[in-house]
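Everything below concerns the one structure shown next.
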Amino acid sequence: MMTLLLCIFFYSNSISALEPDSKILSKKELKKIEERVQQELKNKSLPEEKKFFLNLLAGRELYQYRFFEKAARYYQNAIEMNVSENKSEAYINLIAIAIDKNDKEKVRSLYEDSKNYFQKNPQFKTADIDYYFKTLENYLPLKKNQMPPEVKGFYGRFAHEENLINLIKAHEYQKAFSLLNPQGAAQSTNDFNITIYDSLNVLLHKKEVKTLYCNKQYKQYPDSFAMSTIICSLLNDYLEKGKFEDKHVKLADLYFKENSEKKYIYDMVGELNEKK
Amino acid sequence: MKRNNKIHLFFLFALTLLMSSCETQIGTAVGAAFTNLLTGAGFRSSSGTEAYEALKNESMAHSGQSPFGSNCKTPNDALEVIGTKDSKNFSAIKDKMCTCEAWGTCDSKSCSCQMLCPKNFDILNRSKTANDDSAENSLSFTNSDGEFYAKYSDYTGFCWGHAVITQRFNRLAQFLPDRPRLGADDPLVRQRELKSIISKINNNEPVDIGGYKNLKEFSTDPEVKELLEDTVKKNWARNAMSTQGLHIVASGEPNPVEETKKLFDDIDFRVKHNQMPAIVINDMNESSYAHTVLVSGTGSTDDGKRYLCIRDNNYAPERSYDCKNKMFLNADGSLNYSAWPYRKIGKMELSYTENSNTVEQISNLQSKCASDKGCNGLF
């Protein structure tokens with residue numbers, strides 16, 4: 001009985017950690033608005049062009065309040081319509097919704113579809129769309145030995161970080177490390193960046209590594225249930241004893257079971273324990 | 001009348017029906033946004049903007065009117081007036097010795113719920129932090145990590161996410177240092193509860209955070225910091241990777257002078273009404289170089305040049321408070337930003353998230369206030 005209660009407690013807790021729906025519109029209101037829009041979309045006397053804009057606007061309004069699933073439906077409708085209007089918004093926001101879910105496969109298929117669309121409709125392909133596509137080419141994993149295009153400015157950090165993650169997931173550690181600047185890592189205050197730098201550095205240079213940048217925070221908060229602390233404890237174990245302490249491994253197992261989206265970092269660091 | 005025109009009229013009629021069938025201000029505004037799109041007003045007349053403008057108009061219509069009577073401008077003035085009355089019942093006066101304002105200390109018996117929990121911009125100042133740009137009221141980490149990559153340094157980071165998250169905490173969070181921290185003994189429970197707090201913040205809902213003094217202390221804790229770094233990135237992507245976000249890098253062509261002046265007026269209104277808005281700027285010659293910052297104040301120099309005080313997340317908060325960074329509006333309509341001495345500013349816009357987030361936050365804060373103050377059903 002107690003186990004069942006605990007299961008329910010943890011289940012409800014993990015559910016509550018998901019992002020709730022916006023409260024700006026009640027379910028009843030949302031339903032009413034959607035029914036009206038659907039009614040208009042079924043209206044046979046309404047020109048297709050108007051229906052296209054109606055889909056676009058419904059998508060836009062719902063995106064604004066983070067009703068992403070519903071927004072995606074209207075944008076998808078807009079894409080499927082046989083009209084000559086500019087469909088850029090529908091493609092871009094569908095990609096943005098897939099990025100929000102970190103669904104790289106969906107992003108890839110939308111990217112391919114939108115590339116085809118812009119090839120057939122070059123009048124809508126502006127310079128900013130090119131810039132956006134270059135960013136996606138960093139976001140999506142590439143084939144071995146392919147290099148993604150350089151992305152400067154506004155989308156730069158996102159593009160570089162996603163490319164770095166892809167390389168680590170593909171076990172291309174040397175290539176990933178070559179992207180990083182040691183002086184920049186020394187000055188970094190970003191826990192993700194410091195963790196990645198230290199992990200790659202130890203994995204590639206083993207016991208030659210003299211400084212872990214994560215230690216500054218780790219020494220202050222040694223018991224913290226944060227990825228940076230947990231990985232730092234494993235890296236210290238390796239440098240000091242050549243293997244991980246059991247208590248640190250147990251905590252890491254617990255952490256990465258809960259935060260599976262970051263497990264690729266644990267997998268990378270775990271190679272130290274295997275190789276010794 | 002041509003058939004097409006008839007269809008168009010019927011369509012607008014249907015949309016008007018849609019508007020009137022909705023129950024709330026936002027519901028109405030959603031309907032209005034549909035009409036606006038078909039009449040050519042486009043993105044800027046989203047339901048968030050429609051609802052925001054309605055709140056702004058209401059606020060301007062009531063400016064100068066005191067809820068405390070003709071002689072009083074503030075609750076303290078009202079208390080002075082009460083104090084001068086020859087009252088026999090001292091306890092009745094004592095009851096009045098509380099603050100009768102948004103989130104005030106009075107209860108709903110001695111102060112009206114409309115005063116305590118107004119559905120206007122006053123409600124945004126829940127913890128008196130909506131206008132505070134100090135380090136204590138800021139995230140402990142900056143947006144910049146510009147030297148981390150070996151080959152590339154010319155990027156601006158997750159500024160949009162950083163600005164929006166800072167703004168949300170400043171408006172929505174109440175830190176309660178004397179209360180215990182959530183799930184303190186179990187790391188998994190603690191992490192799930194922290195995630196839940198951040199999810200609510202992302203959903204524009206008010207949160208109470210026990211065990212921490214302020215945002216700086218909260219975001220220094222590594223368990224929190226890592227979740228906040230994640231959410232800053234996620235929010236950046238939500239905003240920047242959308243069509244509305246992509247639009248900002250499309251061109252570095254500056255806005256016409258009159259439009260920029262109007263934008264300064266609008267920002268000035270927002271700053272004076274607890275909003276510290278997020279703005280997006282880019283480089284005139286390199287439109288993909290863009291940045292999002294918060295505006296914490298406005299002013300003008302002795303020679304009449306207007307400026308905005310910029311709370312720039314590329315700098316530690318200790319270097320970006322109390323108007324240390326300024327953006328000047330020149331007579332010819334061009335803009336200079338003190339932190340961008342070698343760049344010319346092209347476009348400047350209000351973040352497209354500003355109106356919808358503000359409207360949503362006001363609605364959620366008012367509900368929370370009504371619940372806390374026993375005002376449910378008393379409006």
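The values are calculated or read from the model by the stated rules, or taken from the named source; none is laboratory data. Values in this document were obtained by computation on a predicted structure and should not be read as measured data. Glycine also receives a Cβ, built like all others from the backbone with ideal geometry; neighbour counts cover every protein chain displayed. With ligands, DNA and RNA removed, areas are computed over all heavy atoms of the protein, side chains included. Shrake-Rupley method; radii C 1.70, N 1.55, O 1.52, S 1.80 Å.
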Convex hull volume per residue for region A:141-276, taking Cα atoms only, in Å³: 119
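Nearest 100 Å², what total accessible surface is buried between chain B and chain A (probe 1.4 Å)?
Approximately 8100 Å², summed over both chains.
Just check chain A against the gyration tensor rule for me: Cα atoms, a ≥ b ≥ c as the square roots of the eigenvalues, rounded for a/c under 1.5, and otherwise prolate or oblate depending on whether a/b exceeds b/c. Numbers along the way, then the final one.
Working: a/c = 3.16, a/b = 1.66, b/c = 1.91.
Cα axes put chain A in the oblate bin.
Cα gyration tensor of region B:264-359, axes a ≥ b ≥ c as square roots of the eigenvalues: rounded (a/c below 1.5), prolate (a/b > b/c) or oblate?
Working: a/c = 1.28, a/b = 1.12, b/c = 1.15.
Judged from the Cα gyration tensor, region B:264-359 comes out rounded (a/c under 1.5).
For the protein assembly as shown, which whole-number percentage of the solvent-accessible area (1.4 Å probe, protein heavy atoms only) is attributable to carbon and sulfur atoms? List each step's numbers first, then the result.
Details: 15360 of 29990 Å².
Taking all protein chains in place, the protein assembly as shown shows 51 percent carbon and sulfur surface.
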Among B:Val164, B:Val257, what's the order by accessible area (1.4 angstrom probe), most exposed first? B:Val257, B:Val164
Just to be sure I understand the model, the point goes 7 Å from the Cα along the line to the Cβ. What's the resulting A:Val83 to B:Glu259 distance in nm? 2.5
Taking only DSSP H segments of four or more residues, each worth -39500 (n - 2.57), what value at 222 nm results for the protein assembly as shown once the sum is divided by all its residues, to the nearest 500 deg cm²/dmol? -17000 deg cm²/dmol
Is the C-alpha gyration tensor of region B:108-253 telling us rounded, prolate or oblate? Criteria: a/c under 1.5 is rounded; beyond that, a/b larger than b/c is prolate, otherwise oblate. oblate
With no solvent term and unit scatterers on the alpha-carbon positions of the protein assembly as shown, Debye gives log₁₀ I(q)/I(0) at q = 0.07, 0.08, 0.12 Å⁻¹ of -0.51, -0.66, -1.43
If one computes the Cα centroid of region B:204-278 and of region A:124-157, what distance in Å separates the two points? 25
From the cross-link list A:Lys152/B:Lys233; A:Lys70/A:Lys101; A:Lys143/B:Lys234; A:Lys263/B:Lys225; A:Lys32/A:Lys70; B:Lys305/B:Lys326, which pairs have alpha carbons spaced over 20 Å apart? A:Lys143/B:Lys234
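What is the calculated FRET efficiency for A:Thr211 to A:Arg73, with r their C-beta to C-beta distance and R₀ = 51 Å, to the nearest 0.05?
Details: r = 52 Å, r/R0 = 1.01.
Computed FRET efficiency for A:Thr211 and A:Arg73: 0.50.
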At a threshold of 8 angstrom on Cα-Cα distance, excluding pairs fewer than six apart, so keeping six or more, what relative contact order does region A:172-276 reach in percent? 23
Please give the helix A:48-64 orientation as an angle from the longest Cα principal axis of chain A, in degrees from 0 to 90, rounded to the nearest 10. 30
How much length is gained if the chain between B:Ser300 and B:Asn336 is pulled fully straight, taking 0.36 nm per residue apart and subtracting their Cα-Cα distance, in nm to one decimal? 11.6 nm
